[in-house]
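For reference, the structure is listed below as structure tokens.
The values are calculated or read from the model by the stated rules, or taken from the named source; none is laboratory data. Quantities reported herein were computed from a predicted structural model and do not represent experimental measurements. Quick reminder, even Gly has a Cβ in these numbers, built from the backbone with ideal geometry, and neighbours come from all protein chains shown.
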2 protein chains.
Amino acid sequence: MATTRDVRDEDLLRLDRQVCFSVHAASRAFNGVYREPLKELRLTYPQYLVMLVLWEHDELAVKRLGALLRLDSGTLSPLLKRLEAVGYVERRRSAEDERSVVVRPTEAGRELRAQALEVPRRIAAATGLTLDEFHELRERLDTLTRALDSAGER
Amino acid sequence: MATTRDVRDEDLLRLDRQVCFSVHAASRAFNGVYREPLKELRLTYPQYLVMLVLWEHDELAVKRLGALLRLDSGTLSPLLKRLEAVGYVERRRSAEDERSVVVRPTEAGRELRAQALEVPRRIAAATGLTLDEFHELRERLDTLTRALDSAGER
DNA sequence: GGCAATTTAGTTGTGCACAACTGAATTGTG
DNA sequence: CACAATTCAGTTGTGCACAACTAAATTGCC
């Protein structure tokens, strides 16, 4: 039963380099394969994430969107402004609570969904990963993220 | 044996949202837990990656560093300039090839390594992941990255 | 009711990722 | 040798992540 105490410092640092690099590289590689398909939709990867969530919920406060995507207003505000500029979403202050801003897809934004259906098919085809592998990958990453998030709270 | 053809469009789009989000979130969570420990070293996460590689190789051309980390000069040039500004690395034009710039840790940069040894220990302790789990995670991510990279070349 | 604390979106500033480009040095080829 | 193609670091511009902050609206408490 090997623990970190059994390992020499240099080996630990090497492993850290490997893991850090792997996570970092995987994230950018993921971003990379989506870039081309999404360019046709005039979306960036984070904008695609936002649209995916909006297609599922139709209408969301910025606050709630940020909670779902774990992004704060510093990231979302300009991103949403750009999505509004290309005409995919509209924003309006909530009538009930003037602090809150509600985001919803425009007609163009809703029509975009049909085109977006091609994106995961292209990714799936390109990666050669099966559905089961996608599910398993997702679960592992989520487990990791939960561990990291809870670690960060100390 | 389920393939993507057996799945309805909306389910596929939902899964894509989940996987995209998971990868994105894991990367940022990883970044997040390293942020505090690295702040004490006056390093960002990508700067830490660069220093880890430099500690292993001692002296590297920018080109080679970029190949190892899969980063281009547009990312590395300003990052290395900042590392030079805090005194951790020095850059000089290669004598043999004036196009090339060689980067190496300064004395302060080499001394930083001793402090950096604490970082992976803290991460390991905080996440509760075992060495085996780290290794397995790394292998899965690398497999994924290879699949994504080869997919992007088409 | 009045006022402090909280909530919410937005702004500012720093750093990274990446595409597209520049300019200088080197290499290959006739 | 000459010169076109290539290589290399760097710059510019756009977009995202995040910390720290602002301003306005709401809520809670007396």
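Considering each residue of region B:46-67, count those that are more than 18 Å from A:HIS24 (Cα to Cα), among the aliphatic types (A, V, I, L, M) and either more than 13 Å from DNA strand C (Cβ to nearest atom) or under 16 Å from the mean Cα position of the chain (by Cα) (or both), and give that number.
2
I want to confirm something. Restricting to region B:74-116 and keeping residues that are within 18 Å of A:HIS24 (Cβ to Cβ) and within 11 Å of DNA strand C (Cβ to nearest atom), which single residue is surrounded by the most Cβ atoms within 10 Å (Cβ to Cβ)? Give the steps one after another, and end with the answer.
Residues of region B:74-116 that are within 18 Å of A:HIS24 (Cβ to Cβ), as a first pass: B:74-76, B:78-80, B:82-83, B:116.
Next cut, within 11 Å of DNA strand C (Cβ to nearest atom) only: B:74-76, B:78-80, B:82-83.
Working: B:GLY74: 9, B:THR75: 13, B:LEU76: 20, B:PRO78: 10, B:LEU79: 19, B:LEU80: 22, B:ARG82: 14, B:LEU83: 25.
My answer is B:LEU83.
For A:ARG121, indicate whether it is more than 14 Å from DNA strand D (Cβ to nearest atom), in a helix (DSSP H, G or I), charged (D, E, K, R) and under 26 Å from B:ALA26 (Cα atoms).
yes
Are there any pairs with C-beta distances below 9 angstrom linking a residue in region A:66-95 that is within 22 Å of A:ARG113 (Cβ to Cβ) to a residue that is within 12 Å of DNA strand C (Cβ to nearest atom) and in a loop (DSSP other than H, G, I, E, B), with the two at least 6 apart or on different chains, and if so which?
A:GLY66/A:ASP72; A:LEU79/A:THR44; A:LEU79/A:LEU71; A:ARG82/A:THR44
Going through B:LEU13, B:LEU83 one at a time, which residue ends up being in contact with a strand residue (DSSP E or B) (Cβ under 7 Å, 6 or more places away or on another chain) and assigned to a helix (DSSP H, G or I)? Steps first, answer last, please.
Working: B:LEU13 fails: in contact with a strand residue (DSSP E or B) (Cβ under 7 Å, 6 or more places away or on another chain).
B:LEU83 is the lone residue from the list that is in contact with a strand residue (DSSP E or B) (Cβ under 7 Å, 6 or more places away or on another chain) and assigned to a helix (DSSP H, G or I).
Looking at (1) at pLDDT 95 or above; (2) in a helix (DSSP H, G or I), which is the one condition that is false for B:VAL103?
(2)
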